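S.K.: Before we start, here is the structure in question, set down as structure tokens.
Read the figures in this text as sums done on the coordinates, not as results from a lab. What you see is a predicted model; the values in this text were computed from it and never measured. Because the Cβ atoms are built from the backbone with ideal geometry, glycine has one as well, and the counts that use them run over all protein chains shown.
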Amino acid sequence: MAKLSCDFRYLLIPAAFVFIYIQMRLFTTQSEYADRMAEAVDAEHHCTSQMRLLIDQISMQQEQIVALEEGKKRKDQECAQFKTLVNDLEKKALQRVIDKTQVPVAAVVIMACNRADYLERTVASVLKYQSSVASKYPLFVSQDGSDPRVKTKALSYKELTYMQHIDYDPVHTDRPGELIAYYKIARHYKWALDELFYKHNFDRVIILEDDMEIAPDFFDYFEAAAALLDKDKSIMAVSSWNDNGQKQFVYDPYALYRSDFFPGLGWMLTRSVWNELSPKWPKAYWDDWLRLKDNHNGRQFLRPEVCRTYNFGEHGSSMGQFFEKYLAPIKMNDVKVDWKSQDLSYLTEEKYAQYFADILKAAKPVPGTDPALMASNIEGDIRIQYRDQSDFEYIAQQFGVFEEWKDGVPRTAYKGVVVFRYHPPRRVFLVGPDSLQQLGIENA
């Protein structure tokens, strides 16, 4: 019995070692399992974190996709707008090319100062006929001084270019009592014409004033005359005005004349003529200065029988001089003459003297001291000889035409001959003492 107990104890020792071993293995296994569980938990946390990150990235990408889609829509809209803009620009560019190929006939400048209401009326009249030929006749307003109403009015028109002449230099008149305005006007004209010919590089300029209306065929008339002006250097300028253009003295809207007297009041000149005039431009009274023989050097001016402008400027620098008698009754042409179809070659220097001599020779001579009464009783054209300036003034007074002379030349005269209608269509020729000789007419 004692021996069995001893043997049993011996068996417990190995069993203890086995138990301890098993416990150690279990502990080791549990530790490994715990480590693996910890790793699994970490991996799960990492996976969750990555998943969240991925979800965030997907969400951001979705937002970016939405933003890109919206951006694409905007870009598509912008592209459509740009395409429309490009088409418009191409059309405008093409129009500019067309405009460039369309060389302007002349710049048109309206000379203004401080009469905003007059300027508005003039611009309205010009735009009525200029809008359809704007590329041929670029329109400008040149203001002398700084009247705010005139400047605001001029800048309100998108169809024209505004120029402003500011002159602070003091004016010293040549004679006491002279109006400073005439000196300022002369300065303004020189500045404006220098700008248009030399800065803007136009070949021709038509000068209007801010108290004028124009006829329906104003621009066609000047286009036809421009060809003559370029071809015939004996023509110094072309005017739209006839000093004796009152209703009772005109008849034929097709009739044009050469004159030794500068008419002004809506006139066109070339850059070559301005090159000559600009360096010696006068301090004042520029229009009378242009009527001096030394300045037009034998050249003449074209004018119509029926005016292509009307001057409504009762109030201005000249204080309405002659307005009621000579300006208010002016007949402005209201017939749309097709000037392109007219043969104007008779107005060239080599043809006109003979043309004018022929119609003058055909007129009946009227003697006597009461020519107006005599003229009323004679059919057809008549001619009346005057001896000198005083005799001319007396005869002109009988008919009511302009009596004024400048530098030995009566208003509207050609070779000393003044022509006007009297009881139309009859023409009256007031003939100077040596006019027939100048025209080569003998024994008439």
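S.K.: Springs between alpha-carbon pairs under 10 angstrom, Gaussian network model over the chain: which of LYS293, LYS340, LYS136 fluctuates most?
M.R.: Its mean-square fluctuation being the largest, the pick is LYS340.
S.K.: Okay, next question. What does the C-alpha gyration tensor say about the overall shape of the stretch 352-438? Classify as rounded when a/c is under 1.5, otherwise prolate if a/b is larger than b/c, or oblate. Walk me through the intermediate numbers first.
M.R.: Details: a/c = 1.59, a/b = 1.07, b/c = 1.48.
Oblate.
S.K.: Shifting gears a bit: Counting only residues 5 or more places away or on other chains, whose amide H sits under 5 Å from the amide H of GLN164 once H atoms are built in the peptide plane?
M.R.: Hits under the 5 Å cutoff: GLN143.
S.K.: Would you mind getting the Kirkwood hydrodynamic radius of the chain from its Cα pairs, rounded to one decimal in Å?
M.R.: Numbers: mean 1/r = 0.0356 Å⁻¹.
The Cα-based Kirkwood calculation yields 28.1 Å.
S.K.: Expressed as an acute angle from 0 to 90° and rounded to the nearest 10, what is the orientation of the C-alpha long axis of helix 218-231 relative to the principal long axis of the chain?
M.R.: The angle comes out at about 80 degrees.
S.K.: Of THR152, GLN246, SER278, which is farthest towards the positive pole of the stretch 105-344's charge dipole, taken about the Cα centre with +1 and -1 on the beta-carbons of Lys, Arg and Asp, Glu respectively?
M.R.: Toward the positive end, the furthest listed residue is SER278.
S.K.: Tell me the angle of helix 349-361 to the major Cα principal axis of the chain, expressed in degrees between 0 and 90 and rounded to the nearest ten.
M.R.: Long axis of 349-361 versus the principal axis of the chain: about 40 degrees.
S.K.: Let me ask something additional. Antiparallel DSSP bridges in the chain: what percent, to the nearest 5? Present the calculation step by step, with values, prior to reporting the outcome.
M.R.: On the way: 21 of 46 bridges.
Of those bridges, close to 45 percent are antiparallel.
S.K.: How large is ³J(HN,Hα) for each residue in the stretch 409-421, as worked out from phi by the Karplus curve 6.51 cos²θ - 1.76 cosθ + 1.60 (θ = phi - 60°), to whole Hz, x for Gly and Pro?
M.R.: Result, rounded to whole Hz: 10, x, 4, 6, 5, 10, 6, x, 9, 9, 10, 7, 8.
S.K.: With an 8 Å Cα cut-off and a minimum separation of 6 or more residues, compute the relative contact order for the chain in percent.
M.R.: Numbers: 608 pairs, mean separation 59.0, N = 444.
Computed value for the chain: 13 percent relative contact order.
S.K.: Taking only Cα atoms, what is the 0 to 90° angle, nearest 10, from helix 116-130's long axis to the longest principal axis of the chain?
M.R.: Taking the Cα atoms of the chain, the angle to 116-130 is about 90 degrees.
S.K.: A further question on this structure: Only bridges whose two residues both fall in the stretch 342-444 count here: according to DSSP, what percent of them are antiparallel, nearest 5?
M.R.: Details: 7 of 13 bridges.
Beta bridges within the stretch 342-444, antiparallel portion: roughly 55 percent.
S.K.: So, one more: Hey, can you rank 120-129, 278-287 by average C-beta count inside 10 Å, highest first? All intermediate terms of the calculation are to be shown ahead of the outcome.
M.R.: On the way: 120-129: 18.1, 278-287: 15.2.
Order by mean packing, descending: 120-129, 278-287.
S.K.: Expected output is a single nm value to one decimal: the length gained when fully extending between GLU63 and LYS280, i.e. 0.36 nm times separation in residues minus the C-alpha distance. What is it? If you can, show how the numbers build up before the last one.
M.R.: On the way: separation 217, 0.36 × 217 = 78.12 nm, distance 7.78 nm.
Stretched fully, the GLU63-LYS280 segment lengthens by 70.3 nm.
S.K.: Helix-only mean residue ellipticity at 222 nm, the chain, DSSP H runs n ≥ 4 weighted -39,500 (n - 2.57), per residue, nearest 500. What is it? Write out the running numbers ahead of the final one.
M.R.: Working: 12 runs with 202 residues, N = 444.
So the helix-based figure for the chain works out to -15000 deg cm²/dmol.
S.K.: Report the FRET efficiency, 1/(1 + (r/R0)^6), for GLU178 and SER132, where r is their Cβ-Cβ distance and R0 is 45 Å, rounded to 0.05.
M.R.: Numbers: r = 43 Å, r/R0 = 0.96.
The calculated FRET efficiency here is 0.55.
S.K.: What nm value, rounded to one decimal, do you get for the distance between GLN164 and GLN438 when each label is placed 7 Å out toward the C-beta?
M.R.: If labels sit at GLN164 and GLN438, their model points lie 4.7 nm apart.
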